[in-house]
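This report refers to the structure that appears directly beneath it.
The values are calculated or read from the model by the stated rules, or taken from the named source; none is laboratory data. Note that the structure is a prediction, hence the values are computed from the model and not measured. Positions of Cβ are generated from backbone atoms using ideal geometry, with glycine treated the same way; all protein chains shown enter the neighbour counts. Side chains included, ligands, DNA and RNA excluded: accessible areas come from the protein's heavy atoms. Shrake-Rupley method; radii C 1.70, N 1.55, O 1.52, S 1.80 Å.
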Amino acid sequence: MHISSRQLDAFLALAQQRNFTRAASLCHLSQPAFSALIRTLEDDLGLRLFDRSTRHVALTGEGENFLESARRIRSEIDSALTAVRDAATLQRGRVALALLPSLAAGWLPAVLAQYRAAFPGIALDIADVLSEDCITRVANGRADFALAAIRADTPELQAEAFCSDQFYLVCRADHALAKRKNITLKSLAEWPFVHLARTSSVRQYLDAAFHPQSMQTLMEVDQLATVMGMVRAGLGISVVPTRTLFHFAQPDLVVRPLHLPGLVRHIYLVRRRDRSLSVAAQALYELVLAQRPGPVEV
């Protein structure tokens, strides 16, 4: 059985008007075409919905029963069409983005402000999580796309280069390394380190660059703000990437660029291969690409 929206509209019009001529006019149809729609609907349902006479049209008992369902179905169709139109015109919708906390805190807010100004009806779901969680969220559909420090090129996922991070020494202004011209891995290894957790991309790049040389790990913490506080207190030094430097903009701290082999963090834009983005997600995706981070002045 296939009941069309035109048949529903014709039924509802006739149920309201109780007159074929007026109902046909309301549906912008000729009376013969309108009568054919009603007849086809009754044939499809196998029920007589209206009692007709030359002067009178009335719903049958079955027609009365069908009326409530027809109104509900018509309302659901209207709601669905409205939702689709709103999504297509970016009036409503939802976008889920997963990205590294350093990008979420420093670079993303200005991008989202621009997006919200253009599309205020779109709901935003932002997950500021580590790279592995970013990839997992895209893989299981919890995020439309992600910015992560993992090149997740798999049969299910595609990754494209987004931006790169240089690394910087951060230490107190009165530290012995603050004015040294040539900073080597050996000179860094002489001092206590305040590290981010081993699960962070920052720590993984740093461990790889130092291998097989060891570092003097004073402590491991989860938040960059904590790293800043510990370094500022003179407890140790740290090495962090470009996108985190806003945390260390303090008058008593020094930021020095490092030019060491392997110390470049690559960020990738990751999405599913088998799933197109929604209109709302595609709009944010394009804006993210257009506003990708540039060089940071120190």
| Just the Cα atoms of the chain: what Rg and Dmax do they give in Å? | 31.7, 104
| Rounded to the nearest 0.05, what FRET efficiency is calculated for Leu277 and Glu76 with R0 set to 25 Å and r the Cβ-Cβ distance? | 0.45
| How much of the accessible area of the chain, probe 1.4 Å, is carbon plus sulfur, in whole percent? | 52 percent
| said: As an exercise, identify the trypsin sites (Lys or Arg not before Pro) in the stretch 21-83 lying in DSSP coil whose Cβ has no more than 14 other Cβ atoms within 10 Å. | reply: Arg48, Arg55
| field | Net charge of Cβ neighbours under 14 Å - reference Arg74; Lys, Arg +1; Asp, Glu -1 | value | -1
| task | Give, rounded to the nearest 20 debye, the magnitude of the charge dipole that the stretch 1-106 has about its Cα centre when Lys and Arg contribute +1 at Cβ and Asp and Glu contribute -1 at Cβ. | result | 300 debye
| GNM flexibility winner over the chain from Ser238, Ser214, Ser30 (Cα, springs under 10 Å) | Ser30
| task | Tabulate in residue order the Karplus-calculated ³J(HN,Hα) for the stretch 40-51, using 6.51 cos²θ - 1.76 cosθ + 1.60 with θ = phi - 60°, rounded to whole Hz; enter x for Gly and Pro. | result | 5, 4, 5, 5, 5, 7, x, 9, 8, 9, 10, 8
| query | Counting other Cβ atoms within 10 Å of each Cβ, which GluC sites (Glu not before Pro) in the stretch 126-188 have at most 15 and sit in a DSSP loop? | reply | Glu156
| request: Specify the angular offset, from 0 to 90 degrees and rounded to the nearest 10, of the alpha carbon long axis of helix 279-290 from the longest principal axis of the alpha carbons in the chain. | output: 30 degrees
| Which one of Ala149, Ala209, Ala281 has the biggest mean-square fluctuation once the chain is modelled by GNM with Cα springs under 10 Å? | Ala209
| field | Degrees between helix 61-88 axis and first principal axis of the chain (Cα, 0 to 90, nearest 10) | value | 30 degrees
| task | Give, as a single signed number, the net charge of other residues whose beta carbon lies under 15 Å from the beta carbon of Glu220, with Lys and Arg counted +1 and Asp and Glu -1. | result | 0
| query | Where the Cα atoms of the stretch 109-239 are projected onto their three principal axes, how long is each span, largest first, in whole Å? | reply | 52, 36, 25
| query | Roughly how tilted is helix 108-118, in degrees to the nearest 10 and between 0 and 90, from the longest Cα axis of the chain? | reply | 20 degrees
| remark: With R₀ set to 22 angstrom, the calculated FRET efficiency between the beta-carbons of Ala173 and Thr226, to the nearest 0.05, is 0.65
| remark: Largest-first ranking of Thr40, Thr244 by accessible area, probe 1.4 Å, whole protein assembly kept, is Thr40, Thr244
| field | Net charge dipole size for the chain [Lys, Arg +1 and Asp, Glu -1 on Cβ; Debye, nearest 20] | value | 500 debye
| task | Could you provide, to the nearest whole Å², the per residue accessible area of the chain with probe 1.4 Å? | result | 53 Å²
| field | Test item: Cα-centred dipole of the stretch 66-171, Lys/Arg +1 and Asp/Glu -1 on Cβ, debye | value | 500 debye
| message | I need the shape label for the stretch 1-127. Rule: rounded when a/c is under 1.5, else prolate if a/b > b/c, else oblate, with a, b, c from the alpha carbon gyration tensor. | response | prolate
| field | Backbone HN-Hα couplings from phi across the stretch 257-266 [Karplus 6.51/-1.76/1.60, Hz, Gly and Pro as x] | value | x, 10, 10, 10, x, x, 8, 9, 9, 9
